[in-house]
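Notes to accompany the following structure.
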């Protein structure tokens, strides 16, 4: 397996994207009106970006910013995700179009809700590009990453609830043949009730047939990537449908919640691509503290089985004792 150049001093490492589609071809492929979510009976009636007033910046990401906004007509609060594009960001445009298409399809209490998508010159790259704006459900508690940064560790009964909700969300997505491919603490958002919901579908994929069958399977955050995605030749990734990769990522997140740090490498190790690849593809099962319950240990081992064929499925894990415990 050919190694790419190591990228050091980065916490959220990404593998290289596939070659970008030429602008003309991309514009031909994307019909934005087909990507907009259809208004439902409980639609908030957000007809224009001018209906929204920016209140605060919630965060920054690749190519965009997320704002806390006020809907002036109803005084409701939303999150506005603004992705900015130009002629040099066609690959990001492809991710945004994919996310819009998936958000149009999903409707679940375990998935962040998208209320509207607005095109501000999204495909007008000949004139300098534009924005694609997602009006999203606002989650008052921030992300699971924020929670862990503030509290470091979570008790088992709380982790059990987090795992249960993520599994329910994945069960819904997988039933629609959608692989998330980037389950990690910063993509799991928390509302004021403490409920966790899955967010960010920029690198997600709709499965065609029984195999993942896409050319950008290395997209996503390396640290939470499964062995079959890191090294398909060794771990049979070419035959994987992608669903098992989401289970692996959840297992890493659950263990991280318990130990209080990224669990697959030591605190002194730099999370560069080569280090992560060695730990994920060749390393031993990470140590689970003795204080963990037998149910927790069993759950983690089933999620972090390197052979995706032996890994627990979402359906099997929903029946596991760890996520069905009585608080």
Condition check for residue 166: surrounded by fewer than 24 Cβ atoms within 10 Å (Cβ to Cβ) and in contact (Cβ under 8 Å) with a residue 12 or more places away in the chain
no
Select from the stretch 111-150 the residues that are surrounded by 15 or more Cβ atoms within 10 Å (Cβ to Cβ), assigned to a helix (DSSP H, G or I) and modelled with pLDDT of 90 or more and list them in ascending order.
144, 145, 146, 147, 148
For residue 157, only one of the following conditions fails: (1) surrounded by fewer than 22 Cβ atoms within 10 Å (Cβ to Cβ); (2) in contact with a strand residue (DSSP E or B) (Cβ under 9 Å, 6 or more places away or on another chain). What is its number?
(2)
So residue 312 passes all but one of these: (1) farther than 20 Å from residue 153 by Cα; (2) surrounded by 16 or more Cβ atoms within 10 Å (Cβ to Cβ); (3) without any contact (Cβ under 8 Å) to a residue 24 or more places away in the chain. Which condition number does it fail?
(3)
Checking 285, 277 in turn, the sole residue that is without any contact (Cβ under 8 Å) to a residue 60 or more places away in the chain and within 24 Å of residue 235 (Cα to Cα) turns out to be 285
Confirm whether residue 223 is touching a strand residue (DSSP E or B) at 6+ places or on another chain (Cβ under 8 Å) and surrounded by 15 or more Cβ atoms within 10 Å (Cβ to Cβ).
no
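The values are calculated or read from the model by the stated rules, or taken from the named source; none is laboratory data. It should be emphasised that the depicted structure is a prediction, and the values quoted were computed from it without experimental measurement. Cβ coordinates were reconstructed from backbone atoms using ideal geometry, including for glycine residues, and neighbour counts include every protein chain displayed.
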